[in-house]
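Presented below is the structure to which this report refers.
Only the coordinates and a few stated rules stand behind these numbers; no lab work does. Quantities reported herein were computed from a predicted structural model and do not represent experimental measurements. Cβ atoms come from the backbone with ideal geometry, glycine included; neighbour counts cover every protein chain shown.
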Number of protein chains: 2
Amino acid sequence: MNGAESLVRTLLANGVDTCFANPGTSEMHFVAALDRVPGIRCVLGLQENVVTGMADGYYRVLRRPAATLLHCGPGLSNGLANLHNARRAESGIVNIVGDHATAHRPFDSPLTADVTALAATVSASVCTPRSTQQLGQDTALAVATARKHPGQITTLILPADISWSEGGIESAGVAIARPAPLDPHSIEVARRMLTSGKRCLLLVGNSAAALDGIRLSHAIAERTGADVMGSSLVAALPRGRGVPALPRVPYPVDVAVERLAAYEAVILINCPPPVGFFGYPGKPSLLCHPHASLHTLSRADQDGIEALRHLAEALGVDKNTAWTSGEQALPRELALPQGEPTPEKLDMALAALLPEDAIIVDESITFSNGLTTTGAVAHPYDHLIITGGAIGGGMPVATGAAVASDRDRRVVNLQADGSAAYTLQALWTQAREKLPCTTILLNNRRYNILLGEYRNVGAVPGPTAMSMLDLGNPDIGWADLARSLGVEAVRVATMEACCEALAASFASDRPYLIELMI
Amino acid sequence: MNGAESLVRTLLANGVDTCFANPGTSEMHFVAALDRVPGIRCVLGLQENVVTGMADGYYRVLRRPAATLLHCGPGLSNGLANLHNARRAESGIVNIVGDHATAHRPFDSPLTADVTALAATVSASVCTPRSTQQLGQDTALAVATARKHPGQITTLILPADISWSEGGIESAGVAIARPAPLDPHSIEVARRMLTSGKRCLLLVGNSAAALDGIRLSHAIAERTGADVMGSSLVAALPRGRGVPALPRVPYPVDVAVERLAAYEAVILINCPPPVGFFGYPGKPSLLCHPHASLHTLSRADQDGIEALRHLAEALGVDKNTAWTSGEQALPRELALPQGEPTPEKLDMALAALLPEDAIIVDESITFSNGLTTTGAVAHPYDHLIITGGAIGGGMPVATGAAVASDRDRRVVNLQADGSAAYTLQALWTQAREKLPCTTILLNNRRYNILLGEYRNVGAVPGPTAMSMLDLGNPDIGWADLARSLGVEAVRVATMEACCEALAASFASDRPYLIELMI
């Protein structure tokens, strides 16, 4: 078999059965091998940042990596922003980047670029197989690395000749490394902190913020008088009726500093110390009190939930408490909101209408109240945010999440218009794959978050600033745009019409875009 | 004044008066300074690959760099593919990439990325000013580097605190380095080659392929019996009535090898040896005959036209011949094409209808005959191609070219649909800036070039391959999409309707998209 076929067979043997792709000339042998060897589902994105964002959303739902197929340096470049987000989300992804044939590369033909340097900016490992014989083994290793705890981005650079030559060898499964062992001392330090009388905060990071971790944190907090918060980088947070709330560290620096000021000790579970998104003149980078003690209970490469279990045990927390605490009252009958759209009313609408086992992908930016009502009383769902701050993640992540759940779960994408414009091509993939994605396109015709930031530095924006912050002139017709890409769509300006469109969308099994004029 | 203001003033003092932008939080002080200090035209792109592609198109028309404004690592990442194309076009660009405040950076907040590594993949120089006082001088140096011969991409990484702190100093113009001196020996070698009786080819590269360089090459060829071709990377080629033809080295390897087989000597004027775009099993990378003598008359950093002038003199070419040769017959009355669209008919339509002093941006990929008729008999125009092979260059380059010509020249963009989908957001900027861009959107609903490449490796594409190569299901409604972004548009299926739409578009001063069903 040729190299390409050994690559396909090795991916399958190692549990990778989905490939998000935008191929080019140098990947044609791989495409041909995908044709010959059945078993891998290929999903096309019209631009690579859609491709990589889909792989991120896929991992967040299944906790299993997909492959991406990208074309040379520029193809990888186009996908880097959502790989950046995926890296911050600790999503496992196996990038396959086709490149020039080994003998052709030194000639520096037009498409030649420094693929290794580009890949290294987002990847835990970058590998260029040195021979066709080696390709299978390198692929198996790349998948094993991507599947580690936490998920890693690995990039396999595939010279065309390694792919087209004969001599490929399928490589069987490589054992996936277990999380790094826990440190009993670290658990003991946390126990002492929590029982010292100091005001303590448990800060729960990404992989620990699964249902078990959230319940354990709350049980420990209940026992010790500590508080619980989620780090700003939780990639997929379980929320809804019966799930204890895990409020995030607030985004505005002043609010965050005020909220965290009271804590004398902060216990970090699979997350770094809380820091602001940006630095501002005269404001701190570290958000907790400068004299607060910081303690890492578990690092990102350790099993934070297991660490919490040990900590709960050391504190004598009742196991039953640990597993049932935080249950909340069943929801009251929710009234549907009316009139002009507000973040609170959109929250109420979703709280009332969200179907069971949904996924919310939240890139609502300034039009958001944090979905406090939905988070508390809706049917349990997973809440996905844009972890790395690179806008344009929402629609691709929503698309990939829908692929991962094999059309079984409704995906609702709260999507700011400025960010949507980055990767609007994702709508086409939603139409092509007939995915149950409901996009609520929040059309305010401006980069509203930047207008706020501008006011912080320069009073009233003048015409030059507005030429860069205003998205009107011309207004984008988002419903029309969605339809041109094959997605059914409607434009609404009231919450009555929005609720009606939501209900219609949730009753269908196809993608739908609701352009909400705000 | 603060750093941001010194940056704006220094850009202006050094001849940069246009900024293609997509700003973020860390650039707000720069945006505020652009508001306070008048003189820089800011043009917003909805995604950074539009921003950088516009800067490329701008340089190709004016031979003067614009600035770009990009937000942190992911903002730069999004724009890298068109910076790759710009680097291959030898376009001068000054990237300004906002980054975290110096003191904030070590905290590795979510948006933190390796900006330097990303920038280095496309930039001739990357600089992070070490103080606010230093910023003006570093900016002046970056502009001078961008303005060198040939144009360079320079990246200035701007930590937010360097921008917001007081103490900025405007820096006056830095002298722009002259092209490297010519080597008289190299001219003598070329003279001997051309008079040796060997069959010679003059291969004319990017900066030498201006009108003077083309005329001189043809005069030399006429005198010596040599042939003349253009390298594959000519960023803006003068064509049309009265301009001697400069046929490019063909894209298909077999055709190129056959075309070049006869030449015993190849004289390179500001270009590398001719190489294939991709390597293929059993085919050469170097396209000229393996025994051909290669000689570099002038390097990229030398003045190739001056070298040609010296060579012409050494050969005793009559100066008058050098400036008038190649004049062609005035055009006959051209009939407008009818019926089903073909590349040849589209060529005929443009030959007949193209207005004076137009710019054609050609990303037509497989639907092209090289515009042989237009190139020979239309009003003289500049022909811009996608130099680096990263698709998605066409619409942004067209937009930037129209900005550069200050709405004075009609820009016609021959645009393949698959490539258009990469950067379709450029249409919105065309509408916002009211640019006279006519996009001929060639809608064939597939990655046609890849289908050809696939057939070369794997016979008939099966369903998996087609899921990655076919762009139907759903068909994109390009005219509807353009309208949703504010651009007037029409869908046509015959050449009669296409010609009518072209005439209507050329009579207007606004952007227009013609969706040509092919």
Item to check | Chain lengthening between residue B:175 and residue B:497 when straightened (0.36 nm per residue, less Cα-Cα) | outcome: 110.7 nm
Checklist entry - Between residue A:500 and the same site in the other copies, what are the distances in nm, shortest first, taking label points 7 Å from Cα along the C-beta direction? => result 3.8
Checklist entry - At residue B:291, label 7 Å along Cα→Cβ: distances to the other copies, nm, ascending? => result 8.8
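Within a Cβ distance under 13 Å of residue A:73, other residues only, what is the Lys/Arg minus Asp/Glu net charge? Display every interim value, and only then the final one.
Numbers: positive: A:105, B:87, B:88; negative: A:48, A:99, A:108, A:114.
Around residue A:73, the charge tally is -1.
Multiply the residue gap between residue A:318 and residue A:130 by 0.36 nm, knock off their C-alpha separation, and tell me the result in nm, one decimal place. Each step should come with its number before you reach the end.
On the way: separation 188, 0.36 × 188 = 67.68 nm, distance 5.51 nm.
Here the answer is 62.2 nm.
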Item to check | Calculated [θ] (222 nm, deg cm²/dmol) that DSSP helices of n ≥ 4 give over chain A, each run adding -39,500 (n - 2.57) | outcome: -11500 deg cm²/dmol
Item to check | Near-label residues of segment A:173-200 by backbone N, under 18 Å of a point 7 Å along Cα→Cβ of residue B:108 | outcome: A:180-181
Checklist outcome for this item: Relative contact order in percent for segment B:343-517 (Cα pairs under 8 Å, 6+ apart) equals 22 percent
Checklist outcome for this item: Any residue on another chain or 5+ positions along whose placed amide H is under 5 Å from the amide H of residue A:279 is listed here as B:101
Checklist outcome for this item: Projecting the Cα atoms of B:300, A:253, B:34 onto the charge dipole of the protein assembly as shown, where Lys and Arg contribute +1 and Asp and Glu -1 at Cβ, the residue farthest towards the positive end is B:300
Next on the checklist: Test of understanding: extend the Cα→C-beta vector of residue B:342 to 7 Å, then name every residue of segment B:477-518 with backbone N under 19 Å from that spot.
Outcome noted: B:493-499, B:516-518
Checklist entry - How many partner chain Cβ atoms sit within 10 Å of a residue's Cβ in peptide A:108-119, on average, as a whole number? => result 6
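Mind sorting A:183, A:347 by how few other Cβ atoms lie within 10 Å of their own Cβ, fewest first? Please report the intermediate quantities before stating the final value.
Working: A:183 15, A:347 22.
Fewest-to-most Cβ neighbours within 10 Å comes out as A:183, A:347.
Near residue A:423, within a Cβ-to-Cβ distance under 11 Å, what is the net charge of the other residues, with Lys and Arg +1 and Asp and Glu -1? Kindly include the intermediate steps, with their values, before the conclusion.
Values: positive: none; negative: A:48, A:363.
So the environment of residue A:423 carries a net charge of -2.
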Checklist outcome for this item: The exposure ranking of A:464, A:387, fewest beta-carbon neighbours within 10 Å first, is A:464, A:387
Checklist entry - Mind listing the phi-derived Karplus ³J(HN,Hα) values for segment A:429-440, rounded to whole Hz, using 6.51, -1.76 and 1.60 with θ = phi - 60°, and x for any glycine or proline? => result 5, 4, 5, 4, 8, 6, 8, x, 9, 10, 9, 9
Item to check | Distance between modelled label sites at residue A:254 and residue B:258, nm, 7 Å Cα→Cβ extension | outcome: 7.3 nm
Checklist outcome for this item: at residue B:196 the sorted inter-copy label distances (label 7 Å from Cα on Cβ side), in nanometres, are 8.2
Checklist entry - What is the order of B:263, A:251, A:447, A:58, fewest Cβ neighbours within 10 Å to most? => result A:251, B:263, A:447, A:58
Checklist outcome for this item: Lys and Arg at +1, Asp and Glu at -1: neighbours of residue A:162 with Cβ under 14 Å from its Cβ sum to -4
Item to check | Simple spin-label estimate for residue A:120 and residue A:286 in nanometres, 7 Å along Cα-Cβ | outcome: 3.1 nm
Item to check | Pairwise label distance in nanometres, residue A:475 with residue A:372, each label 7 Å out on the Cα-Cβ vector | outcome: 3.1 nm
Next on the checklist: Run the paramagnetic zone check for residue A:488: 7 angstrom along Cα to Cβ, then residues of segment A:434-458 with backbone nitrogen under 14 Å.
Outcome noted: A:434-439
Next on the checklist: Please report the projected area of segment B:184-324's Cα convex hull averaged over all directions, in nm².
Outcome noted: 8.1 nm²
Next on the checklist: Need the C-alpha centroid separation for segment B:415-432 versus segment A:151-203, integer Å.
Outcome noted: 41 Å
Next on the checklist: What FRET efficiency comes out for residue B:17 versus residue B:196 if R0 is 45 angstrom and r is the Cβ-Cβ distance? Round to the nearest 0.05.
Outcome noted: 0.35
